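S.K.: Would you mind keeping the following structure in view while I ask a few things?
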Amino acid sequence: MFTNSCQHLIWILCPAGSQMGQGLWRIARNQQLQGYSGQSYLTREHGRRIPANNVSNTSHRKQAQGGIDIYHLLKTRKSKEQEGFINLEMLPPELSFTILSYLNATDLCLASCVWQDLANDELLWQGLCKSTWGHCSIYNKNPPLGFSFRKLYMQLDEGSLTFNANPDEGVNYFMSKGILDDSPKEIAKFIFCTRTLNWKKLRIYLDERRDVLDDLVTLHNFRNQFLPNALREFFRHIHAPEERGEYLETLITKFSHRFCACNPDLMRELGLSPDAVYVLCYSLILLSIDLTSPHVKNKMSKREFIRNTRRAAQNISEDFVGHLYDNIYLIGHVAA
């Protein structure tokens, strides 16, 4: 029924002997034949019906000029079903490595079950290590005998999990494996370039290791940054405590000195000192709490903030303090 109606429609639209008519007929016929089983499908060649078992003998011939070889299509489809996926070993190495570079560690381990030489390549695992742990002391050393970045990745992952349970044990694990040197500066660089460490455990560790905290602060570059934005960046790496106290005052003090060191020209232009920046930072934190807390019903106005801040730091211009208020009002908390 399908064949007769389709053929009748094609003959109406196009002349029977035209090339377009033959092409439309082949497309309709091929779509029908793809639904048949391998034992029952038929092919056509110049109007003749050919049994299925003779198709292989005529596969080298076209059905008509510009026609589609049904046997070739079915054979290609069958081979694709048997393969299931592209064999990366058949591709150029550069392309294979590019494809595998998008995988995470778990998927790369699974890929190594199929493409062992490709998925175990050192460059792939080196990229995974450095994208997650940007700095390790071992990166700058001559690798020991039997070293592999895949093994290093497993050790870094194990050490990070240990750190998130107990920071001191985690750091000791990294040192025992030769991953980190026993140096406050090296530990600070590792923390600064790593995003897998639990921020609550990290805050406890830095409160106990003020030597590491000092080196961590010096790694920040606040040059040409607006004060509230610089403070946000600082607290993204070194999380503020939940309550006010000595540790928060220490953090603000260290930030103030670092911000002034990064912007000496701006400090001279505005007439600001580290003590004045300290006052501003503390005011910004209090303002952030006031504007964002749902428990504060009467929010501080811009005029009130300017008046209160200039009482504590008289040399600060009113316009500058007003810009600080606008930033908090529009962007949000500086220590969230």
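S.K.: Of the conditions (1) open to solvent by 10 Å² or more (accessible area, probe 1.4 Å); (2) under 30 Å from Asp265 (Cα atoms); (3) not in a helix (DSSP H, G or I), His220 fails just one. Which one is it?
M.R.: Every listed condition holds for His220 apart from (1).
S.K.: Looking at (1) under 24 Å from His333 (Cβ atoms); (2) modelled with pLDDT under 95, find the lone condition where Arg268 falls short.
M.R.: So Arg268 meets the others, but not (1).
S.K.: Please name all residue pairs, on different chains or six or more residues apart, with Cβ atoms under 8 Å, provided the first residue is in segment 105-126 and is over 25 Å from Tyr139 (Cα atoms) and part of a helix (DSSP H, G or I) and the second residue is hydrophobic (A, V, I, L, M, F, W, C) and open to solvent by 40 Å² or more (accessible area, probe 1.4 Å).
M.R.: Qualifying pairs under 8 Å: Ala111/Leu103.
S.K.: Right, next: When segment 130-152 is examined, which residues are found to be touching a residue at least 40 places away in the same chain (Cβ under 8 Å) and either under 19 Å from Asn198 (Cβ atoms) or hydrophobic (A, V, I, L, M, F, W, C) (or both)?
M.R.: Thr132, Trp133, Gly134, His135, Cys136, Ile138
S.K.: Collect the residues in segment 292-315 that are touching a helix residue (DSSP H, G or I) at 6+ places or on another chain (Cβ under 6 Å) and under 25 Å from Lys254 (Cβ atoms), keeping them in residue-number order.
M.R.: Within segment 292-315, Phe305, Thr309, Ala312, Ala313 meet the criteria.
S.K.: Considering Ile204, Ile179, which residue is open to solvent by 70 Å² or more (accessible area, probe 1.4 Å) and either more than 23 Å from Asp275 (Cα to Cα) or in contact with a helix residue (DSSP H, G or I) (Cβ under 7 Å, 6 or more places away or on another chain) (or both)?
M.R.: Values: Ile179 fails: open to solvent by 70 Å² or more (accessible area, probe 1.4 Å).
Result of the check over Ile204, Ile179: Ile204.
S.K.: Sticking with this structure for a sec: If I ask for residues that are small (Gly, Ala, Ser) and free of Cβ contacts under 8 Å to residues at least 60 places away in the same chain, which ones from segment 214-254 would you list? Lay out the reasoning, then the answer.
M.R.: The initial filter retains those residues of segment 214-254 that are small (Gly, Ala, Ser), namely 230, 240, 245.
Within segment 214-254, Ala230, Gly245 qualify.
S.K.: Going residue by residue through segment 184-200, is there one that turns out to be touching a helix residue (DSSP H, G or I) at 6+ places or on another chain (Cβ under 9 Å), farther than 30 Å from Pro93 by Cβ, acidic (Asp, Glu) and open to solvent by 80 Å² or more (accessible area, probe 1.4 Å)?
M.R.: No, there is no match, as no residue in segment 184-200 is touching a helix residue (DSSP H, G or I) at 6+ places or on another chain (Cβ under 9 Å), farther than 30 Å from Pro93 by Cβ, acidic (Asp, Glu) and open to solvent by 80 Å² or more (accessible area, probe 1.4 Å).
S.K.: Here is a further query. How about segment 148-174: which of its residues are more than 25 Å from the chain's Cα centre (by Cα) and either small (Gly, Ala, Ser) or outside any helix (DSSP H, G or I) (or both)? It would help to see each step written out before you state the result.
M.R.: Filtering segment 148-174 for residues more than 25 Å from the chain's Cα centre (by Cα) gives 166-169, 171-173.
Of everything in segment 148-174, just one residue is more than 25 Å from the chain's Cα centre (by Cα) and either small (Gly, Ala, Ser) or outside any helix (DSSP H, G or I) (or both), namely Asn166.
S.K.: Quick one: count up the residues across segment 275-285 that are more than 33 Å from the chain's Cα centre (by Cα) and surrounded by 15 or more Cβ atoms within 10 Å (Cβ to Cβ).
M.R.: Residues of segment 275-285 more than 33 Å from the chain's Cα centre (by Cα): 275-280, 282-283.
From the residues that got through so far, the ones that are surrounded by 15 or more Cβ atoms within 10 Å (Cβ to Cβ) too are 276-280, 282-283.
Of the residues in that region, 7 qualify.
S.K.: When you check Ser288 against the structure, is it surrounded by 15 or more Cβ atoms within 10 Å (Cβ to Cβ), within 23 Å of Asp207 (Cα to Cα) and among the small types (Gly, Ala, Ser), yes or no? Walk me through it before giving the result.
M.R.: Details: surrounded by 15 or more Cβ atoms within 10 Å (Cβ to Cβ): yes; within 23 Å of Asp207 (Cα to Cα): no; among the small types (Gly, Ala, Ser): yes.
So Ser288 fails the test.
S.K.: Name the single residue, out of those in segment 85-105 being of a type in the set (Phe, Trp, Tyr) and closer than 14 Å to Trp115 by Cα, that is nearest to the chain's Cα centre (by Cα). Outline the logic, then answer.
M.R.: From segment 85-105, those of a type in the set (Phe, Trp, Tyr) are 85, 97, 102; that's our starting set.
Subsequent filtering for residues that are closer than 14 Å to Trp115 by Cα retains 85, 97.
Details: Phe85: 26, Phe97: 18 Å.
In this case the residue turns out to be Phe97.
S.K.: Please name all residue pairs, on different chains or six or more residues apart, with Cβ atoms under 7 Å, provided the first residue is in segment 297-321 and is in contact (Cβ under 8 Å) with a residue 24 or more places away in the chain and the second residue is surrounded by fewer than 14 Cβ atoms within 10 Å (Cβ to Cβ) and assigned to a loop (DSSP other than H, G, I, E, B).
M.R.: Close Cβ pairs satisfying both conditions: Asn315/Gly271.
S.K.: Yes or no: segment 227-250 includes at least one residue that is open to solvent by 30 Å² or more (accessible area, probe 1.4 Å) and of a type in the set (Ser, Thr, Tyr).
M.R.: No, segment 227-250 contains no residue that is open to solvent by 30 Å² or more (accessible area, probe 1.4 Å) and of a type in the set (Ser, Thr, Tyr).
S.K.: Let me ask another. Which one is nearest to Phe149 (Cα to Cα), of the residues in segment 111-126 that are at pLDDT 90 or above and surrounded by fewer than 16 Cβ atoms within 10 Å (Cβ to Cβ)?
M.R.: My answer is Glu122.
S.K.: Where residues in segment 181-205 are under 25 Å from the mean Cα position of the chain (by Cα) and outside any helix (DSSP H, G or I), which of them is nearest to Pro241 (Cα to Cα)?
M.R.: Asn198
S.K.: Taking helices (runs of 4 or more DSSP H) that fall entirely within segment 244-336, which contain at least 3 residues that are of a type in the set (Val, Ile, Thr)?
M.R.: Details: elements: 246-262, 264-270, 274-292, 302-312, 318-331.
In segment 244-336, the matching helices (runs of 4 or more DSSP H) lie at 246-262, 274-292, 318-331.
The values are calculated or read from the model by the stated rules, or taken from the named source; none is laboratory data. None of the values given here were measured: they were computed from a predicted structure. Note: ideal-geometry Cβ built from the backbone for every residue, glycine included; neighbour counts use all protein chains shown. For accessibility, only protein heavy atoms count, side chains too; no ligands or nucleic acids. Shrake-Rupley method; radii C 1.70, N 1.55, O 1.52, S 1.80 Å.
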